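What follows is calculated from the coordinates using simple rules that are stated; it is not laboratory data. Here the structure is a predicted model, which is why all the values come from computation and not from measurement. Note: ideal-geometry Cβ built from the backbone for every residue, glycine included; neighbour counts use all protein chains shown.
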Amino acid sequence: MFSFSSIKEYHSFLANTPNGCVLAVQHYLQKIKDTAHLNAYLEVFEEEALQRAVALDEERNLNKPIGKLHGVVVSLKDVICFKGHKVSAASKILEPYVSIYNATAVEKLLNAGAIVIGRNNCDEFAMGSANEHSAFGVVKNALNEKLVPGGSSGGSAVAVQANTCMISLGSDTGGSVRQPADFCGVVGVKPSYGRISRYGLIAYASSFDQIGIFGNSVEDVTLVLETIAGADDFDSTVSDKPVPDYLNEIGELSVNKKFRIAYFKEMLEHDALDKEIKLNILRQIDQLKAEGHIVTPLTFNLLKYIVPAYYVLTTAEASSNLSRFDGVRYGYRSKKNFTDLTEMYKATRSEGFGKEVKRRIMLGTFVLSAGYYDAYFTKAQQVRKILHTQTTEIFKDFDVLIGPTVPSTAFEIGNHSTDPVEIFLADIYTVFANLVGIPGISIPLYKHSNGMPFGLQVMSSHFDEVNLLAFSRKLLGR
Ligand code: GLN
């Protein structure tokens, strides 16, 4: 029977197994069927994935050089364009829409030999923290089906958690890769803003959005990162900094380097933080010190501003980005009888968008309105600027910043649906990295006495994925 532990081992297996890619795809297709009740997939590309596996096996058997991600079975969050396939952002408004091009990240995956097996459920337009805002139903946590998987990339996290694929791509605007990774007990990395092209990623808040990667090990996500990162003519915000050979570079460092580690006292002392999570992180700090790393507590007095700044800025950007869904250019159009264009827009948008998306469009429109712009939008931009300056200073003296990923473990489905602010506040640890554009990762190191996993969040300086991944590889041991 096929089993997967790492891409490296999978590639050794393929070297001795002529039909190895087909075996892998068959295995995952069965797994997807067995776990269909988790609702992690909106669509499975069964035939196509099998055909591609056959073709890849043939190529390999002809001794052609194989790609870095040869035969690697990947799923995509439903906000990432895959040519000729539906992409709906888990929204009714885009439901019938078929992508006419590949996202650059997908193009690079395919060029490296990956197999795309399906598209994953998520919160509508990536807005949410529990995957309860999908137009296509909630996603369940595979470890306890009463609990949420986190969001917004909940389907992608569960896809990896439930062993239905090797890797999944998600997107992270304020924690949507790291938070579900934490809730599901998998690795989830959000690189620096501008490390991976956003071309073909449906926009939520363009100055925050970044494609992220879920996997079982730091090594696997590192290999995928070095494959899909880098300059792109189709995205003017992506960096043209050369992409290091991440996997090679982290090898040595993850064994021998003594890291300079910081943490924010205010994050660990926050009232909302679960006591056991706090205890585990304090223990981790002691252990790191005992191993000869330098660990320093820092004061961070802006903690209470980061969630408000995040929600002001992202909703503002969202209200602008989502104005394009008007019933003319994409997807769904209301079937009502209308006599003018405005009526058609109104009917289409009222019927097509879900409640959370509407809430955010209205919030964003409000903070951008003439009378309130300075009080909200400008202020939030100022907070963002100060955070950026402080962060640059911090990383002059430290390699990584550590802390919790989320204040609690996965909560019950339906628990927070009446109070949106309560759920917004739970983003307190993750939005920081998006506000300043630095990379962050959640690594599944701990288990709570309630049976659920949780992670350690690690952040590093802009474009310093090497320290981020080397340190994480050291802690996770894979
Ligand atoms: N939970 C955050 C939000 O609802 C993060 C979403 C995301 O990263 N896409 O905005």
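Loop-only trypsin sites (Lys or Arg not before Pro) in region 248-317, please: DSSP not H, G, I, E or B, and at most 15 other Cβ atoms within 10 Å. Present the calculation step by step, with values, prior to reporting the outcome.
Numbers: sites: LYS257, LYS258, ARG260, LYS265, LYS275, LYS278, ARG283, LYS289, LYS304; in loops: LYS257, LYS258.
Qualifying residues, ordered by number: LYS257, LYS258.
Could you pull out the trypsin sites (Lys or Arg not before Pro) across region 82-173 that fall in loop regions by DSSP (anything but H, G, I, E, B) with no more than 14 other Cβ atoms inside 10 Å? Walk me through the numbers on the way to the answer.
Values: sites: LYS83, LYS86, LYS92, LYS108, ARG119, LYS140, LYS146; in loops: LYS83, LYS140, LYS146.
For trypsin sites (Lys or Arg not before Pro) across region 82-173 that sit outside H, G, I, E and B with at most 14 neighbouring Cβ atoms in 10 Å, the list reads LYS146.
Taking 1 over the mean of 1/r across every pair of different Cα atoms in region 239-317, what Kirkwood radius in Å do you get?
On the way: mean 1/r = 0.0629 Å⁻¹.
When all Cα pairs of region 239-317 are included, the Kirkwood radius is 15.9 Å.
What list of whole percents do you get for P(r) of region 323-416, with Cα-Cα distances grouped in 10 Å bins up to the one holding the largest distance?
Taking every Cα pair in region 323-416, the percentages come to 12, 22, 25, 27, 11, 4, 0.
Quick check: the distance between the Cα centres of region 327-382 and region 234-294, to the nearest angstrom?
Rounded to whole Å, the Cα centres lie 39 Å apart.
Using modelled amide H (1.01 Å from N, peptide plane; none on Pro or chain starts), what sits under 5 Å from the amide H of ALA103, excluding residues fewer than 5 places away?
Residues meeting the criterion, in which the H sits 1.01 Å from N, are CYS81, PHE82, LYS83.
Taking a cut-off of 30 Å, what percent of all Cα-Cα pairs in the chain are separated by more than that?
On the way: 48241 of 114003 pairs.
The calculated P(r) of the chain puts 42 percent of pairs beyond 30 Å.
Calculate, in whole percent, how much of the Cα-Cα pair population of region 162-264 lies beyond 24 Å.
Summing the P(r) of region 162-264 above 24 Å gives 28 percent of all pairs.
Mind scanning LYS86/LYS278; LYS83/LYS335; LYS86/LYS140; LYS379/LYS447 and naming the pairs with a C-alpha gap bigger than 32 Å?
Working: LYS86/LYS278 42 Å; LYS83/LYS335 28 Å; LYS86/LYS140 22 Å; LYS379/LYS447 39 Å.
From the list (LYS86/LYS278; LYS83/LYS335; LYS86/LYS140; LYS379/LYS447), the Cα-Cα distance tops 32 Å for LYS86/LYS278; LYS379/LYS447.
What 222 nm value per residue comes from the helices of the chain, counting each DSSP H run with n ≥ 4 as -39,500 (n - 2.57) and dividing by all residues, nearest 500 deg cm²/dmol? Numbers along the way, then the final one.
On the way: 17 runs with 193 residues, N = 478.
Dividing the helical sum by the residues of the chain leaves -12500 deg cm²/dmol.
Over the Cα atoms of region 1-57, compute the convex hull volume and normalise it per residue, giving Å³. Walk me through the numbers on the way to the answer.
Details: hull volume 4.9 nm³, N = 57.
In region 1-57, the Cα hull volume divided by residue count equals 85 Å³.
Relative contact order, percent, of the chain when contacts are C-alpha pairs under 8 Å separated by at least 6 residues?
Numbers: 1065 pairs, mean separation 82.2, N = 478.
Relative contact order for the chain comes out at 17 percent.
Cross-link partners among aspartates and glutamates for LYS92, C-alpha distance below 17 Å, same-chain residues fewer than 8 apart left out?
Excluding near neighbours in sequence, the set is GLU43, ASP78, ASP123, GLU124, GLU132, ASP326, GLU351, GLU356.
Using only the Cα atoms of region 57-178, what do you get for the radius of gyration and for Dmax, in Å?
Taking only Cα atoms of region 57-178, I get Rg and Dmax of 15.2, 48 Å.
Please give me, ordered by residue number, the GluC sites (Glu not before Pro) of region 115-195 that lie in loop per DSSP and have at most 14 other Cβ atoms within 10 Å. Before the final figure, lay out the partial values.
Details: sites: GLU124, GLU132, GLU145; in loops: GLU132, GLU145.
Passing sites in region 115-195 are GLU145.
Pop a pseudo-label 7 angstrom from the Cα along the beta-carbon direction at both LEU302 and VAL328 and give the gap in nm to one decimal.
Reported label-point gap for LEU302 and VAL328 is 3.9 nm.
Would you be so kind as to identify all helices of the chain, as entire DSSP H runs, whose Cα atoms reach 24 Å or more along the helix's own axis and whose mean Kyte-Doolittle hydropathy is at least -0.5? Don't skip to the end; give the middle numbers.
Working: long enough: 303-321 (28 Å, 0.34); 379-397 (28 Å, -0.92).
Passing helices, by number: 303-321.
Compute and list, largest first, the equivalent-ellipsoid semi-axes of region 386-478 from the alpha carbon gyration tensor, each √(5λ) rounded to a whole angstrom.
26, 19, 8
Sorted by mean Cβ packing within 10 Å, highest first, what order do the peptides 435-443, 12-20 take? Please report the intermediate quantities before stating the final value.
Values: 435-443: 26.6, 12-20: 14.8.
Result, highest mean Cβ count within 10 Å first: 435-443, 12-20.
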